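Report on the following structure.
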Amino acid sequence: MRPYVIVFGNEKGGTGKSTLAVHLSVYLLHAGFSVGTVDIDARQGTLTQYLEHRSKSPLHLKLPEHVIVHKSTFENKADAIADDSKRFNEAMEKLSGCDYIVIDTPGNDTFLSQFAHSFANTLVTPLNESFIDLDVLVKVSGNDIKTMRPSIYAEMVWNQRKERAKNGLKPIDWIVVRNRLNTLYSKNRGDINVVLEALSKRIGFRLGAGFCERVIFRELFLSGSTLLDVPQGQQLSLSHVSARQELRELIDFMKLPGIAAAA
Ligand SMILES: Nc1ncnc2c1ncn2[C@@H]1O[C@H](COP(=O)(O)OP(=O)(O)OP(=O)(O)O)[C@@H](O)[C@H]1O
Ligand SMILES: [Mg+2]
């Protein structure tokens, strides 16, 4: 199955989609795969900026083939949808020779984002650890799991899954991964874990282990480098090593084609 498409999606801002998209893309590049990246959050353009910084790095860092797809400016809805689909398909066609395509989506609902989700072999949804952030998965009213209903976003993913099934495509492997976890154990997190485990069965996602809150993620952006780009001879901090381990755990959990799990 080539290219294998990985979409980072969550209709909520600032959960780590762009950061994890860059890290995964660089991991795949280091592993020897050809990688295409698509930024459909062109207005904010975090992924694009990250890669621009990367292209200027004196370390001559490896780069994916990058494409930006802007949201249509047509006013008529039907025209805008047709225009968005056409340009998105062109981007996918341009990257069709890659082993992997990684797509970064905006933190809000757009047609482009919905369309991109329908291409996903794997969908990664980073989530912050508060109960408020659970509303991207369910309509929350109290924390009784039985009364929770899938959110608009979960329904959208469900619809894209149905579309894929109709077209004879493999189901989307949906992975939810908590990000920016407080390193100290909190009671809140224990409760969220219970709810997320129950939701994973009900809504149909796999729950990954997650990433702790680490300053290093914010510091790397300006240099365009990632946890994986370390100049020879440079000592790694403990936080850096732990963050890399978390990334490796996510990648193993994703069970991507051509990548053997770490021993
Ligand atoms: N594990 C982490 N620890 C600390 N900071 C993080 C972590 N993950 C992401 N960040 C920081 O959080 C901010 C938001 O991350 P990012 O831009 O990747 O989110 P996003 O989901 O793409 O946001 P948007 O929806 O606005 O596109 C950035 O400043 C990023 O550096
Ligand atoms: Mg982003």
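The values are calculated or read from the model by the stated rules, or taken from the named source; none is laboratory data. Predicted, not measured: the structure shown is a model, and the values here were computed from it. Using ideal geometry, Cβ is built from the backbone for each residue, glycine included, and neighbour counts are taken over all protein chains shown. These accessible areas exclude ligands, DNA and RNA; they are computed on the full protein's heavy atoms, side chains included. Shrake-Rupley method; radii C 1.70, N 1.55, O 1.52, S 1.80 Å.
Residues in the stretch 228-256 that are open to solvent by 40 Å² or more (accessible area, probe 1.4 Å), of a type in the set (Gly, Ala, Ser) and closer than 24 Å to residue 60 by Cβ: 233, 237.
Selection of the stretch 20-35 for residues being in contact with a Leu (Cβ under 7 Å, 6 or more places away or on another chain) and either crowded, with 16+ Cβ neighbours inside 10 Å or polar (S, T, N, Q) (or both) yields 21, 22, 23, 26, 27, 35. The C-beta contact set for the stretch 4-19 (first residue under 20 Å from residue 101 (Cα atoms) and open to solvent by 10 Å² or more (accessible area, probe 1.4 Å), second residue within 6 Å of ligand 1 (Cβ to nearest atom) and among the hydroxyl-bearing types (Ser, Thr, Tyr), distance under 9 angstrom, 6+ apart or interchain) comprises 17/46; 18/46; 19/46.
Looking at the stretch 42-56, can you tell me whether even one residue there is in a loop (DSSP other than H, G, I, E, B) and more than 14 Å from ligand 1 (Cβ to nearest atom)? Yes: one or more hits. Applying a threshold of 8 Å to beta carbon distances and a minimum spacing of six or more residues, or different chains, the list of pairs starting in the stretch 90-106 at a residue that is over 18 Å from residue 8 (Cβ atoms) and of a type in the set (Phe, Trp, Tyr) and ending at one that is open to solvent by 20 Å² or more (accessible area, probe 1.4 Å) and not in a loop (DSSP other than H, G, I, E, B) is empty.
Keeping to the stretch 36-60, report how many residues are more than 13 Å from ligand 2 (Cβ to nearest atom), open to solvent by less than 30 Å² (accessible area, probe 1.4 Å) and not small (Gly, Ala, Ser).
The total comes to 1.
Hey, any hits in the stretch 133-154 for a residue that's modelled with pLDDT of 90 or more and surrounded by fewer than 20 Cβ atoms within 10 Å (Cβ to Cβ)? The answer is yes; a qualifying residue exists.
Of all residues being in a loop (DSSP other than H, G, I, E, B) and more than 10 Å from ligand 2 (Cβ to nearest atom) in the stretch 10-35, which is nearest to residue 113 (Cα to Cα)? Just the residue, please.
So, considering only residues that are in a loop (DSSP other than H, G, I, E, B) and more than 10 Å from ligand 2 (Cβ to nearest atom), the one nearest to residue 113 (Cα to Cα) is 11.
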